[in-house]
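The values are calculated or read from the model by the stated rules, or taken from the named source; none is laboratory data. Keep in mind that what you see is a predicted model, and the values were worked out from it rather than measured. Note that each Cβ is placed from the backbone with ideal geometry, even for glycine, and that neighbours are counted across all protein chains shown. Areas reflect the complete protein model, heavy atoms only, side chains present, ligands, DNA and RNA absent. Shrake-Rupley method; radii C 1.70, N 1.55, O 1.52, S 1.80 Å.
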Amino acid sequence: DPRELARTYLAAANAALLGSWLGPGQQAVPDPGAAAALYVQAAELLTYEVAGPDAAASTESIHEARGALGKALEAVPDYAPALEALNELDDTTGNVGDALNRIRAQAAAASGDSKRALLERAIRIARSHGELEVVLQLETELVELAPSDLVLRWRLEATLAQLGRDDERAQLLAELAMLESDAMRRGTALLAAARLRERGGAVEQTTELYQI
């Protein structure tokens, strides 16, 4: 029974926090790392085995899972598996804002590849819930983090297109045309930028782009 197994994990986690008795006259030695890991295992069982695929409808199990993850973070602050499990839980139950705020906080304290991975995680969650304005903000941060990665700029351009932000898109395409070393992609960027400027009535800028 998954619920009974989850309760066993919770009991074991509580015991690990209290510590092992080493004999008469000896103080118990707590093991917060083991406790945190057991709390996360219990939370995952409660979320995916007890609550099942319709997690949002299984209020009691989800509440227990959140409680277990909270205890994991009390045992080991900033425990990565617990933070990720909370992100997954919020994603599953539609608490997008909570998940994104948590990941943003993690990203603010990270750097390099770790920060990039967290921003990518946030983008996936935001996009899967249709939060395109948030996706745009996060993709802009990602471009600032890795300005030489043109793939990220093309992704940002696609999001601007989805949002109908033609002026910003035209500006980005013009920048891409200057940065691209691939002739075909450079031509694509120039033509798309020129058409957007033309559609917006910017005749002089359109002419300049066609002459490049």
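Between Ala117 and Glu49, what is 0.36 nm times their sequence separation minus the Cα-Cα distance? Round to one decimal in nm.
Here the segment from Ala117 to Glu49 would lengthen by 21.7 nm.
Can you give the extra length, in nm with one decimal, that the chain gains between Asn101 and Arg3 once fully stretched, where that is 0.36 nm per residue apart less the Cα-Cα distance?
Once the chain is fully extended between Asn101 and Arg3, it gains 32.3 nm.
Could you tell me the accessible area of Thr140 in Å² (1.4 Å probe, neighbours in place), rounded to the nearest ten?
50 Å²
Please compute the length gained on full extension between Ala158 and Glu84, using 0.36 nm multiplied by the number of residues separating them and subtracting their Cα-Cα distance.
Taking Ala158 through Glu84 to full extension adds about 23.9 nm, to one decimal.
Would you check the accessible area of Val50, probe 1.4 Å, heavy atoms only, in square angstrom rounded to 10?
It works out to around 40 Å².
Expressed in whole Å with the largest first, what are the equivalent ellipsoid semi-axes of the chain derived from the C-alpha gyration tensor as the square root of 5 times each eigenvalue?
50, 19, 11
From the phi angles alone, apply the Karplus equation (6.51, -1.76, 1.60; θ = phi - 60°) to segment 173-187 and give each ³J(HN,Hα) in whole Hz, x where the residue is Gly or Pro.
Karplus values, whole Hz, x for Gly and Pro: 5, 5, 5, 4, 4, 6, 9, 5, 8, 7, 4, 5, 5, 4, x.
What accessible area, in Å² to the nearest ten, does a 1.4 Å probe give for Ser128?
Accessible area, nearest 10 Å²: 80 Å².
At 7 Å along the Cα-to-beta-carbon direction for both Ala108 and Arg165, put a label point, then send me their distance in nm to one decimal.
Spacing of the two 7 Å Cα→Cβ label points: 2.1 nm.
Can you tell me the relative contact order of segment 77-212? Whole percent, Cα pairs under 8 Å, sequence separation 6 or more.
12 percent
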